[in-house]
Every structure is written in C-alpha cells, then in structure tokens.
Amino acid sequence: HGVCVSLFVQGCPHHCPGCHNPETWNFDGGVATPSDIRGQIIKAISANGIERNFSVLGGEPLCEENVAEVDNIITGVRSAYPDIKIYVWTGYTLEELCEREANVDTPDGKRIHNILECVDVLIANPFDISKRDITLELRGSSNQEIYKFVTEEEFADGGKTFGFERPNTYYPYVIKGE
C-alpha cells in the first residue's frame, strides 16, 4: 500500500485485550500536539520529492476526544493531496460511525461525515484477541473489516482506477456520497 506518513493519536476508550499499542490508551499520555501539526503532516507527505499516503491510527482516532483534530488534519491533507490514499484504523464499527454521521447537524456528526468523505480505506471494528491472525492484511484480527471507499465512477469501472478489480469478496465497497 505504499509508503505512508502516520499519525498516532493518544487516547482510546476501547482498551482491547492484546492491543498492539496500549500505551496510547491514556488520554493524558503522549506528547503535546504542535499547533502546526497539520502543516507538518502536509509537508512530510511530499518530503524529498516523494509523495506518500497518509495513515491515522491510535489510540482511537474517531473517539469524541480526538475526532475534531483528526477531522482538521484529514480534511487538510485531502485538500492538499486529492490523489493520495488516506487510511484510518478505528475500533468503532462502520454502523456506529454511520449512526454518528446521521446526526450531521451536530459537530460530531459533521466531523465523522467529513472524515468518511476523505478516507479511502477504513479498517473498522475492535481488535479481538481470540480472532488474532498475523497473516491478515492491514488488521490484527479476523473480525476487523476493511472498507474501501470509492466513487461511483471507480465502482462502475470495477475499481481499476483505485487499484483493484471487481468482483472482490474480500473488501466491502462503500460508495462515497451515499
């Protein structure tokens, strides 16, 4: 999936047993976020003339405590780099995120909407130690789902413009804007 600039956020409400990154659970841990973090990330994505993709991991990027900053960063990255891939890992299910997004009149709903509009790949669901499988792509347990967000045009051409082809039973498709 190429080289990525990665942002690890601090704080997670899920506390999944066997988590690969439990030091990110505490909302008071980590280091202070620089005021220009969005600019630093945007600059890092094309450092040394090499364009990279962008990954957001945690902790939990989409929890109430982190979603405003993640929205700010992801929308800025997408605006600066419309063609790179943006990946987000979350312990929330897609259904939970869609429920939050449905409240688009609230700040949380609007932020989730913005993020889902910008993301290309969402890895969702909490890590489940009983379903741990280190052979899986982009995830640690078999209950986690990979969602590739595509446009109507990308879906219509079988995903070729996105780098994969239909039929593909491994990745559920989510069409942006629906």
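Some observations on this one:
- Filtering segment 20-47 to residues that are assigned to a loop (DSSP other than H, G, I, E, B) and either open to solvent by 70 Å² or more (accessible area, probe 1.4 Å) or at pLDDT 95 or above (or both) leaves His20, Trp25, Asn26, Phe27, Asp28, Val31, Ala32, Thr33, Ser35, Asp36, Ser46.
- Among the numbered conditions (1) free of Cβ contacts under 8 Å to residues at least 40 places away in the same chain; (2) part of a helix (DSSP H, G or I), the only one that Glu51 does not meet is (2).
- Of all residues in segment 3-38, those satisfying the criterion of being closer than 10 Å to Gly58 by Cα and in contact with a helix residue (DSSP H, G or I) (Cβ under 8 Å, 6 or more places away or on another chain) are Leu7, Phe8, Val9, Gln10, Gly11, Cys12.
- Selection status of Ile112, at pLDDT 90 or above and under 18 Å from Asn66 (Cβ atoms): yes
- Residue tally, condition surrounded by fewer than 14 Cβ atoms within 10 Å (Cβ to Cβ), part of a helix (DSSP H, G or I) and hydrophobic (A, V, I, L, M, F, W, C), over segment 99-145: 2
- Number of the exception - Glu65 against (1) in a helix (DSSP H, G or I); (2) open to solvent by 30 Å² or more (accessible area, probe 1.4 Å): (1)
- Qualifying positions in segment 1-12 - open to solvent by less than 70 Å² (accessible area, probe 1.4 Å) and either under 19 Å from Gly91 (Cα atoms) or in a helix (DSSP H, G or I) (or both): Ser6, Leu7, Val9, Gln10, Gly11, Cys12
- Answer from Tyr81, Tyr92 - the residue that is open to solvent by 10 Å² or more (accessible area, probe 1.4 Å), within 22 Å of Asn26 (Cβ to Cβ) and not acidic (Asp, Glu): Tyr92
- Val104 being free of Cβ contacts under 8 Å to residues at least 24 places away in the same chain and β-branched (Val, Ile, Thr): yes
The values are calculated or read from the model by the stated rules, or taken from the named source; none is laboratory data. The model shown is predicted, which means the values in this text are computed figures rather than measured ones. Here Cβ is always computed from backbone atoms with ideal geometry, including for glycine, and neighbour counts include all displayed protein chains. The accessibility values were calculated without ligands, DNA or RNA, using every heavy atom of the protein model including side chains. Shrake-Rupley method; radii C 1.70, N 1.55, O 1.52, S 1.80 Å.
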